[in-house]
Every structure is written in structure tokens, then in C-alpha cells.
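Below is one structure; the comments refer to it alone.
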Amino acid sequence: MDSLGALVHAGESETVEFKESWDDDSSLKSLAAFANTRGGTLFIGVDDDRHVVGWIRAGKDLQNLTTKIVTALGVHPTTMREETIDQKAVLIIQIPYAALVSYNGRYYWLVGDTTREIPPDQLGRFLMKTMKMTWDAIATEFGSDELKEDGIHAFISMASQRLPFASRTKLTKSLLQKLGLMVYV
């Protein structure tokens with residue numbers, strides 16, 4: 001059995017998905033989920049039971065499908081080709097991990113072998129993790145004159161066990177700058 005046949009035989013996973021036929025909405029959601037998770041391969045012409053049913057082009061030009069993917073998702077497939085598996089044509093589309101790929105303004109990811117919309121309560125965390133940011137790293141445009149000294153001293157007292165260099169004797173502005181909590185412009 002060749003490697004493509006072995007992938008089909010192994011079944012769907014977090015990096016492999018099967019579709020009997022190309023459907024814009026369902027296929028593009030799956031490709032967006034691959035891009036947001038770890039990348040993956042979409043087989044068009046294979047059903048969920050791992051039977052190769054064949055891909056019927058039905059007027060779908062590979063170049064037009066590639067353009068549709070790039071336009072809808074902003075990500076280029078690394079592979080988009082027809083292969084023969086069990087004497088039937090199958091379309092194979094590989095999408096790299098790209099992070100922050102939306103489809104119609106929504107974000108999708110893979111949970112096991114299923115494509116799911118990222119729930120609103122987890123979307124913020126997903127975006128922050130993907131951008132390698134933390135909530136406390138989001139900049140605001142407050143000036144140092146708007147900071148309350150007693151609040152800063154309370155923070156220093158609470159943090160003194162974890163931040164031995166923090167003490168009441170140091171200048172407040174230089175301490176906040178050292179912790180990355182204040183930037184001078």
C-alpha cells in the first residue's frame with residue numbers, strides 16, 4: 001500500500017480529513033481549521049468510512065479552487081494535486097500551519113478529528129496565544145501621572161517575595177520599566 005493509501009486506511013485525525021466532494025463552505029472551514037491547528041491534508045473523494053469514492057471535477061479547475069482557497073483564507077496550499085487511489089481520482093490539498101486564519105469572519109480549529117468553531121469564550125485566549133502575547137502585555141496609553149503611588153507600593157509589597165529586586169527604596173518608574181509594565185516614549 002502506498003503512503004496515500006496508508007493515510008486513507010488510517011482514517012481521519014487532527015491532520016487528515018475526508019470529504020466525498022468539494023463543498024465551498026465545509027471544505028474551506030476544514031482548511032481554516034487545519035491552518036489554525038497544526039496544518040493538514042484534505043482528501044476530496046473519500047467518504048468518512050474511508051471508502052475511496054472518487055473526486056468528480058465537475059468543471060472545477062484546480063487553479064480556480066486554489067484561487068478560491070487563497071481568497072477566502074489568505075493562505076496558500078502547499079500541495080494541491082490529483083492522485084489515483086484504488087483506481088479513482090482523489091484531490092489532495094495540504095495546508096500549512098498558519099495561525100489566525102478566519103473563514104467568513106469566524107475562526108475554526110480541530111478538536112480530535114472534527115472541525116469546530118472556536119467558542120467565543122476561548123477565542124481571546126486563542127488569539128493571544130497565537131500572537132505570543134499575554135493580557136498584561138497589551139499596551140495602554142496612560143501616562144505616569146495617572147498612576148497612584150499607593151497602588152504601586154501595594155503591588156511592590158505583594159510581589160516582593162517573587163521579585164526580590166523590587167523594594168520601596170527603588171524609584172517607582174524605573175521599577176515599572178524594568179518589569180516591562182511601563183515604556184517611555
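The values are calculated or read from the model by the stated rules, or taken from the named source; none is laboratory data. If you're wondering where the values come from, they're calculated on a predicted model, not measured in any experiment. We place every Cβ from the backbone using ideal geometry, glycine too, and count neighbours over all the protein chains shown.
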- Task: Quick one: in the range 36-66, of everything that is in a helix (DSSP H, G or I) and aliphatic (A, V, I, L, M), which residue is surrounded by the most Cβ atoms within 10 Å (Cβ to Cβ)?
- Result: L65
- Does the range 70-88 include one or more residues that are modelled with pLDDT of 90 or more, surrounded by fewer than 16 Cβ atoms within 10 Å (Cβ to Cβ) and touching an Asp or Glu at 6+ places or on another chain (Cβ under 8 Å)? no
- Scan the range 8-19 for residues that are surrounded by 22 or more Cβ atoms within 10 Å (Cβ to Cβ) and more than 18 Å from G54 (Cβ to Cβ) and jot them down. none
- Message: Tell me whether the range 9-28 contains one or more residues that are out of contact with any strand residue (DSSP E or B) (no Cβ under 6 Å at 6 or more places or on another chain), assigned to a loop (DSSP other than H, G, I, E, B) and hydroxyl-bearing (S, T, Y).
- Response: yes
- Count, please, the residues in the range 20-34 that happen to be farther than 13 Å from E117 by Cα and surrounded by 20 or more Cβ atoms within 10 Å (Cβ to Cβ). 2
